[in-house]
1. Beyond 32 Å between alpha-carbons counts as too far, so tell me which of LYS401/LYS482; LYS474/LYS628; LYS187/LYS316; LYS17/LYS221; LYS268/LYS655 fall in that bin.
2. In degrees from 0 to 90, rounded to the nearest 10, what is the angle of the helix 679-692 Cα long axis to the longest principal axis of the chain?
3. Roughly how many whole Å is it from the C-alpha centroid of the stretch 620-646 to that of the stretch 118-132?
4. Counting alpha carbon pairs within less than 8 Å and at least 6 residues apart, what relative contact order, in whole percent, applies to the chain?
5. Given the Cα atoms of the chain, and with Rh set as the inverse mean 1/r over their pairs in the Kirkwood sense, what is Rg to Rh to two decimals?
6. Please compute the length gained on full extension between VAL381 and GLN473, using 0.36 nm multiplied by the number of residues separating them and subtracting their Cα-Cα distance.
7. With a Förster radius of 45 Å, plug the Cβ-Cβ distance of LYS486 and SER276 into 1/(1 + (r/R0)^6) and report the FRET value to the nearest 0.05.
8. Peptides 105-117, 661-673, 688-700: what's the order by average Cβ count within 10 Å, highest mean first?
Amino acid sequence: MPRFKQIQEIQQLTSRKEQIRNIGIIAHIDHGKTTLADSLLAGAGLLSTKMAGMARVLDYLEEEQKRKITIKTANITLLYKAAGTPYIINLVDTPGHVDFTGKVTRAIRVIDGAVVVVDAVEEIMAQTEIVTRQALEERVRPVLFINKVDRLITELQLNEEQIQKKLDQIISRFNDLIETYAETPFKNQWKIGASQGNVAFGSALHGWGFTMNMAKQQGMKFSDISKAYADGQQMKLQATLPVYQAVFEMVINMIPNPRQAQAYRIAKIWDGQIGSKIGKALVECRDDAPTVIFVTNVRSGSDGDTVATGRVFSGKAAKGDRLHLVDALSETEVKEVSIDMGSLREEVSEVSAGSLASFTLAGNVKAGESLVDVAHKNEMVPFEGINYVSEAVVTLAVEPKKPQDIPLLLDGLEQLAREDPNLKVNADKQTGEYLLSGMGELHLEIAIHQLKSECGIDVSVSSPRVVYMESVQKKGVVALAKSPNKLDSFWLQVMPEAEEASTSIVEDSGSVLSVDEHRNVLLDCSGKTEKASEEQLEAIIAGFEYACRAGPLCGEPVRHLRVNLVDLQLSQSNGDSSEVMRGVGKAVFGSFLTADPVLLEPIYRIIISAATELAGESSRILSTRHGKVTLFEQKGLLTVISGFIPVCETFGFSKELRSATSGRAFWQTFFDHWEKMPQKQASEVIADLRQRKGLAPEVPKPEKFME
């Protein structure tokens with residue numbers, strides 16, 4: 001027997017695509033996403049309305065309950081009836097903290113509409129813009145819920161005209177985001193307005209909300225809401241204007257069903273031919289077609305299995321199905337199919353196209369994987385790669401307290417990286433350290449907690465360190481380097497690669513042999529690699545990639561480098577490929593050190609919200625940490641300070657600012673860009689990194705690597 005009585009009816013509805021909506025709730029941190037989700041669960045009959053706003057049902061992890069923040073994405077399938085017609089609402093609650101934006105990005109891939117939640121007082125914040133931009137870039141249609149309207153009444157004490165002006169301003173700024181980031185023709189189609197039914201107003205905490213259509217039907221005005229608060233009757237508003245009705249009304253009327261959405265989304269998110277058999281099945285969201293699934297999240301199951309959460313874009317998925325992993329080039333078996341109900345899963349016989357579900361799969365599967373029916377594996381290409389807006393810029397060294405636990409540690413780190421692609425795991429061969437890199441301190445703190453609790457490992461963790469990058473500022477010399485056995489010769493020249501450079505521009509200079517994750521490009525300008533054996537070509541590329549993984553300044557990754565293979569002479573025999581690899585690496589290093597090399601440091605954008613009388617002290621603390629203030633903005637009783645701060649200056653920043661403001665300042669940082677370090681500071685950091693990695697004290701001369 002299912003634990004949720006709706007499951008049977010939900011299964012019966014999955015073939016009716018017009019009655020399915022796949023939505024996510026996205027917002028800046030603390031704007032009320034999880035509280036709103038509680039209200040939607042109450043509206044669907046899964047939670048008492050008295051508990052909505054306090055239960056935080058979808059924040060079911062111990063760390064989420066303790067910290068009162070959302071850490072992971074949580075899916076739940078709701079059954080809601082509007083005017084007697086039942087609808088399946090597949091809801092994804094997402095994190096608001098910037099350290100977990102990668103999870104938001106992956107969630108956006110499998111939804112068709114986003115309920116963007118905005119605090120009526122704080123208005124559109126930095127993270128609001130980031131997540132809305134991500135949604136628009138994936139052709140996910142947004143609707144707006146302006147939350148905490150009660151604060152305009154109780155805290156700011158605005159009159160009806162002032163409230164209207166404030167809300168209009170938020171709507172206008174949200175439309176600016178759509179104008180800026182949406183593609184044509186979606187710019188005009190997706191613009192919002194109170195009269196259009198794609199904006200709702202309310203207080204998720206107090207359980208009330210309305211669209212203009214609802215207010216008109218009930219004969220309610222903003223003055224009536226203000227009066228209810230003045231009379232202490234605000235809790236009665238939820239009976240007249242339940243917030244879940246307002247949001248569900250928006251979702252059902254304004255968000256497309258899976259078939260409508262896939263008709264225009266597939267061309268954006270899938271790299272295959274739309275006219276192919278699989279392409280047509282995806283566009284039409286057909287059940288009678290090859291099974292295609294995109295995986296957004298994974299976690300380890302029992303007996304070495306993986307529980308993967310994702311979306312069925314075409315076909316049906318059932319227990320016993322054999323699926324091909326497109327990226328991993330392997331196969332898996334579906335051991336169980338389940339509908340997600342928050343922390344619980346309800347096993348079902350099958351799920352069809354347009355559905356969100358969880359699948360217990362044999363073996364290891366990574367988040368971001370594309371799955372297809374094995375019978376069609378030769379016709380399938382993967383979905384587009386996820387375009388993350390942030391980078392792993394903070395790292396920790398991890399080691400087990402018991403040497404015999406090293407194999408367990410390696411397995412645990414591998415599991416973390418498999419479940420969260422935004423975590424990077426590396427073994428530093430010079431120091432013997434195991435390094436875990438993430439978006440920020442909180443991201444790593446949660447990862448270490450998971451490592452200890454789930455893997456049962458007692459580990460020692462270093463203080464947080466910053467990830468740096470190496471790059472060049474000008475064109476280097478054409479460097480000649482030979483393989484160690486002197487049988488192969490390589491002439492290479494490096495130069496800066498513009499961040500915005502397109503692949504077509506690069507290809508005009510030569511054939512592209514390799515492009516890595518940091519936009520380093522290897523070009524064959526000689527035309528001679530065509531005559532190289534496959535093993536020799538692979539060794540040339542491996543030498544380039546090896547040199548870019550750890551640059552010659554201090555062993556940090558290289559970024560935005562163009563490497564031109566000007567000429568080469570290869571021995572006739574297919575000798576040791578490592579000789580070729582080392583020769584290429586030497587030539588890259590030799591030219592690199594003549595190209596005005598620099599060390600780049602990561603820079604956070606920082607937003608501080610504080611009472612006006614604390615703005616000066618907050619700004620002073622930011623400045624003492626080499627931060628730059630770019631904007632002061634008054635928002636009601638708060639002053640919002642925008643600026644930039646080097647990541648290395650953020651360690652201990654929270655404690656200092658919290659102490660100076662008695663906990664009355666709130667802030668958020670998120671990765672913005674890489675910036676050249678000042679020469680004196682860079683020299684100190686390079687020396688420190690070389691010492692820690694056991695490298696020679698001095699940066700080597702170019703001649704060391706050139707013949």
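1. Beyond 32 Å: LYS401/LYS482; LYS187/LYS316; LYS17/LYS221; LYS268/LYS655.
2. Long axis of 679-692 versus the principal axis of the chain: about 80 degrees.
3. A separation of 17 Å, based on Cα centres.
4. Rounded, it is 10 percent for the chain.
5. 0.99
6. Gain in length upon complete extension: 29.4 nm.
7. For R0 = 45 Å, the calculated efficiency reads 0.35.
8. In decreasing order of mean packing, 105-117, 661-673, 688-700 become 105-117, 661-673, 688-700.
Throughout, read-outs are computed from the coordinates displayed, never taken from laboratory work. Everything numeric in this text was worked out from a predicted model, so none of it was measured. Backbone-built Cβ (ideal geometry, glycine too); neighbour counts: all protein chains shown.
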